[in-house]
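Report on the following structure.
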Amino acid sequence: MKFDLQKLEESALLLGDALRKTVKDTYRSGRDLLVEMRYDIDAFRQRDPAATDDAEIVLLYSGFHARTAHRLSHALHRRGHTHAARLVSQGAKFLTGIEIHPGATIGRGLVIDHGSGVVIGETAEIGDNCTLYQGVTLGGTGKDTGKRHPTLGDNVMVGAGAKVLGPLNIGDNAKIAAGAVVLHEIPADSTAVGIPARVVRVGGRRVANDLDQIHIPDPVSQEISALRKELGELKEQLAQMEKPAKTAAPARRRTAANKEEE
């Protein structure tokens, strides 16, 4: 197959023209791109104690790079330039290790900390001021069509390695613990842990035991405790059965003695 360099150059020029028009149309009014980037930088400064200054975030933070690239890919996607949008998103994935589908809708102030392995699906929606750590997946279950990825409210935190799967809602201010697998909706102001994830706190009040590395249930210990409880119940039943026998023995002895006297 003959390689057509001229067509490749024409495609590159068309792509460049689409990118320029998209950026111009998207940010010439309303929220300016630099204002949005400034908001993101401030979010990293507030939520990442390792961030020393603005230059470090702009130059060295993969989460910031991925979010900035998504602004462009999302704008292209909305205007029907789907191939160009995927080209931008795949380039960002190659450079950062973070995969954000151009169709995903993301609010202001998203912080992707560390970032490696983060995947955000096409129909995912993320509110303002959310935080995602490395290895997070906002994915689908493979059973849904149309809207098939989760919706996160504002101020949601998703811990390292957590998976939120399916078209479910995560309420405002919710926290998903590291390694959790969320398959059902999580209410606002809640903390969810475990596989599958379950709510252990609501509004700061504990409603179930936390499954951290100190309080993880030990099945062997639980079985021993159950056996001890059962043994105690059997001893109590045996003691109750022995009481009539003990009281009846003296009566029988008295009866026998009376017969001998007669």
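The values are calculated or read from the model by the stated rules, or taken from the named source; none is laboratory data. All figures in this text were calculated on a predicted structure; none of them were measured in a lab. Glycine also receives a Cβ, built like all others from the backbone with ideal geometry; neighbour counts cover every protein chain displayed.
A quick yes/no check of all residues on (1) within 17 Å of Gly91 (Cα to Cα); (2) aromatic (Phe, Trp, Tyr); (3) at pLDDT 85 or above:
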position: Phe3; (1), (2), (3): no, yes, no
position: Leu14; (1), (2), (3): no, no, no
position: Thr22; (1), (2), (3): no, no, no
position: Leu34; (1), (2), (3): no, no, no
position: Arg38; (1), (2), (3): no, no, yes
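Do you know which residues across region 178-193 are part of a loop (DSSP other than H, G, I, E, B), among the hydrophobic types (A, V, I, L, M, F, W, C) and out of contact with any Leu (no Cβ under 8 Å at 6 or more places or on another chain)? Across region 178-193, the qualifying residues are Ala178, Ala180, Ala188. Of the residues examined, Leu87 is not one that is surrounded by 17 or more Cβ atoms within 10 Å (Cβ to Cβ), in contact with a helix residue (DSSP H, G or I) (Cβ under 8 Å, 6 or more places away or on another chain) and either part of a helix (DSSP H, G or I) or on the phi > 0 side of the Ramachandran plot (or both).
Is at least one residue of region 47-54 touching a residue at least 60 places away in the same chain (Cβ under 8 Å) and either touching an Asp or Glu at 6+ places or on another chain (Cβ under 9 Å) or of a type in the set (D, E, K, R) (or both)? Looking through region 47-54, at least one residue is touching a residue at least 60 places away in the same chain (Cβ under 8 Å) and either touching an Asp or Glu at 6+ places or on another chain (Cβ under 9 Å) or of a type in the set (D, E, K, R) (or both).
Quick one: which of Gly179, Gly204, Gly161 is modelled with pLDDT under 90 and either surrounded by 20 or more Cβ atoms within 10 Å (Cβ to Cβ) or on the phi > 0 side of the Ramachandran plot (or both)? Being modelled with pLDDT under 90 and either surrounded by 20 or more Cβ atoms within 10 Å (Cβ to Cβ) or on the phi > 0 side of the Ramachandran plot (or both) holds for just one of Gly179, Gly204, Gly161, which is Gly204.
Tell me yes or no: at least one residue of region 74-82 is assigned to a loop (DSSP other than H, G, I, E, B), assigned by TED's automatic domain parsing to the domain that holds Asn155 and touching a Cys at 6+ places or on another chain (Cβ under 6 Å). Checked against the condition, which is being assigned to a loop (DSSP other than H, G, I, E, B), assigned by TED's automatic domain parsing to the domain that holds Asn155 and touching a Cys at 6+ places or on another chain (Cβ under 6 Å), region 74-82 yields no hits at all. Set side by side, the residues Gly121, Gly91 differ, and just one is within 21 Å of the chain's Cα centre (by Cα) and modelled with pLDDT under 95, which is Gly121.
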